[in-house]
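Engineer: Please find one structure pasted underneath; my questions will follow.
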Amino acid sequence: MLLELFNLSGKRALVTGSSQGIGLALARGLAGAGAHVVLNGRNQARLDAARASFTDTDRITTRAFDVTDETAVGMAIGAIEAEEGAIDILVNNTGIQIRKPLEEFDTEAWHRLIGTNLTSVFYVSRAVVQNMIARRRGKIINICSVNSEAARYSIAPYTATKGALKNLTRGMCVDWARHNIQVNGLGPGYFDTELTRALVENAEFTAWLKNRTPAQRWGNVKELEGAVVFLASAASDFVNGHVLYVDGGMLASL
C-alpha cells in the first residue's frame, strides 16, 4: 500500500535540539509515524519534560549532550548505537539566532552562530554516517531556513550559516548517495514557537510577515510534521540533495 512508504515503525531517529519548538514538533511527527525517537539537548530537565509530553513514552528516549563539542558528540553517538540500536534517521535541528546589524556584530557571536548552526551539523553527521555507510542505508535531514535563500536586515550571519547549510546538504548528498544514504534539507518559513514569541507579539513585524507571505499567516509547527516524515521515509528514497521549503509561499513571492 502507498501509505506503507511513510511508515517508520522499527526505525530510530535522533533529533538534535528537540526539547522545544520546531525540534520537538519534528520529533512528534516522526514518533507519530512509528519511529523510536531520541530527543537531544543540553538541559536534561527540559528533555525529561519534553519526553513526558508524548502519549507513548516507551518509544521516546533522551540524550543530553552538546552538539558543538566534538568529543561529546562522538561519545554520545557511540553510546546510542551501542545501548539502543542503529540510528536510521538523523535530523540536524539545533540552531540559534542572534539579531544585530552586521557592522555591530562581534567576533564571539559570529563564531557561536557558525559553531551551533553549521559546525555542529558536520560533527553529528560525520559521527552518525560511519554506521550508516556500513549498513548501506540512512536518512539525514538538515533543518535549513527560508534564509538559506533570502536575507533580512540584522540577520546576515544567520543567513550565512543557513546558506552554507544548504550547500553542505548538497555536498553530503554527493559524497554519501553512493552508500544509499539520502541527505536533504527542510526549510521552514516563519513559525510561531517559543523562540519567535517576541516577533509574533510584535504587531508591526506580524503585519509585515502576513503581507510578505502568500498564505498571510504564521506557520504552525504541526505543519512541518508531514514534510519531515516524507524525508525520513521510503517515500523519498530517490530524493537527494534537495531542500523542501515549508513557508506558506514566501519564497515564491516577490
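The values are calculated or read from the model by the stated rules, or taken from the named source; none is laboratory data. Note that the structure is predicted; figures quoted are calculated from it, not measured. Here the Cβ is made from the backbone with ideal geometry for all residues, glycine too, and neighbour counts use every protein chain on show. With ligands, DNA and RNA removed, areas are computed over all heavy atoms of the protein, side chains included. Shrake-Rupley method; radii C 1.70, N 1.55, O 1.52, S 1.80 Å.
Engineer: State all residues of region 189-212 that are closer than 26 Å to Val15 by Cβ and in contact with a helix residue (DSSP H, G or I) (Cβ under 6 Å, 6 or more places away or on another chain); if no residue qualifies, say none.
Structural biologist: Gly189, Tyr190, Phe191, Asp192, Thr193, Glu194, Leu195, Leu199, listed by residue number.
Engineer: Same structure again: So how many residues does region 142-160 have that are closer than 19 Å to Phe191 by Cα and without any contact (Cβ under 8 Å) to a residue 60 or more places away in the chain? Give the steps one after another, and end with the answer.
Structural biologist: The initial filter retains those residues of region 142-160 that are closer than 19 Å to Phe191 by Cα, namely 142-155, 158-159.
Now restrict to residues that are without any contact (Cβ under 8 Å) to a residue 60 or more places away in the chain: 142, 145, 147, 151-155, 159.
The number of residues fulfilling the criteria is 9.
Engineer: So Asp58 fits all but one of (1) over 24 Å from Thr116 (Cβ atoms); (2) of a type outside the set (A, V, I, L, M); (3) assigned to a loop (DSSP other than H, G, I, E, B); what number is the exception?
Structural biologist: (3)
Engineer: If a residue has to be under 18 Å from the mean Cα position of the chain (by Cα), surrounded by fewer than 23 Cβ atoms within 10 Å (Cβ to Cβ) and farther than 18 Å from Asp247 by Cβ to count, how many in region 144-180 make the cut?
Structural biologist: Here the count works out to 7.
Engineer: Moving on to the next point. Which one of these is under 30 Å from Ser9 (Cα atoms), buried (at least 22 other Cβ atoms within 10 Å of the Cβ) and among the β-branched types (Val, Ile, Thr): Ile141, Ile133? Write out each step before concluding.
Structural biologist: Values: Ile133 fails: buried (at least 22 other Cβ atoms within 10 Å of the Cβ).
Only one candidate passes the filter, namely Ile141.
Engineer: Follow-up. Any residue in region 224-247 that is more than 18 Å from Val146 (Cβ to Cβ) sitting within a Cβ distance under 7 Å of a residue that is hydroxyl-bearing (Ser, Thr, Tyr) and surrounded by 18 or more Cβ atoms within 10 Å (Cβ to Cβ)? List the pairs, counting only those 6 or more apart or interchain.
Structural biologist: Note: pairs meeting the criteria are Phe230/Ser236; Gly241/Thr169.
Engineer: Quick one: how many residues across region 232-248 are among the aromatic types (Phe, Trp, Tyr) and crowded, with 17+ Cβ neighbours inside 10 Å? Walk me through it before giving the result.
Structural biologist: Filtering region 232-248 for residues among the aromatic types (Phe, Trp, Tyr) gives 238, 245.
Add one more test, that the residue is crowded, with 17+ Cβ neighbours inside 10 Å, and what stays is 245.
The qualifying residues number 1.
Engineer: Checking the structure you have, find out if any residue of region 107-123 is open to solvent by less than 40 Å² (accessible area, probe 1.4 Å) and touching a residue at least 60 places away in the same chain (Cβ under 8 Å).
Structural biologist: yes
Engineer: Go through region 1-32 and count every residue that is open to solvent by less than 20 Å² (accessible area, probe 1.4 Å) and out of contact with any strand residue (DSSP E or B) (no Cβ under 7 Å at 6 or more places or on another chain). Give the steps one after another, and end with the answer.
Structural biologist: Taking region 1-32 as the starting set, the residues that turn out to be open to solvent by less than 20 Å² (accessible area, probe 1.4 Å) are 8, 13-16, 18, 21, 23, 25-27, 29-31.
Now narrow it down to the ones that are out of contact with any strand residue (DSSP E or B) (no Cβ under 7 Å at 6 or more places or on another chain): 8, 21, 25, 29.
Final tally of qualifying residues: 4.
Engineer: Sticking with this one: So the check is Cβ under 7 Å with 6+ separation or different chains; which pairs have a first residue in region 59-83 that's closer than 19 Å to Gly10 by Cα and a second one that's of a type in the set (Phe, Trp, Tyr)?
Structural biologist: Close Cβ pairs satisfying both conditions: Ile60/Phe54.
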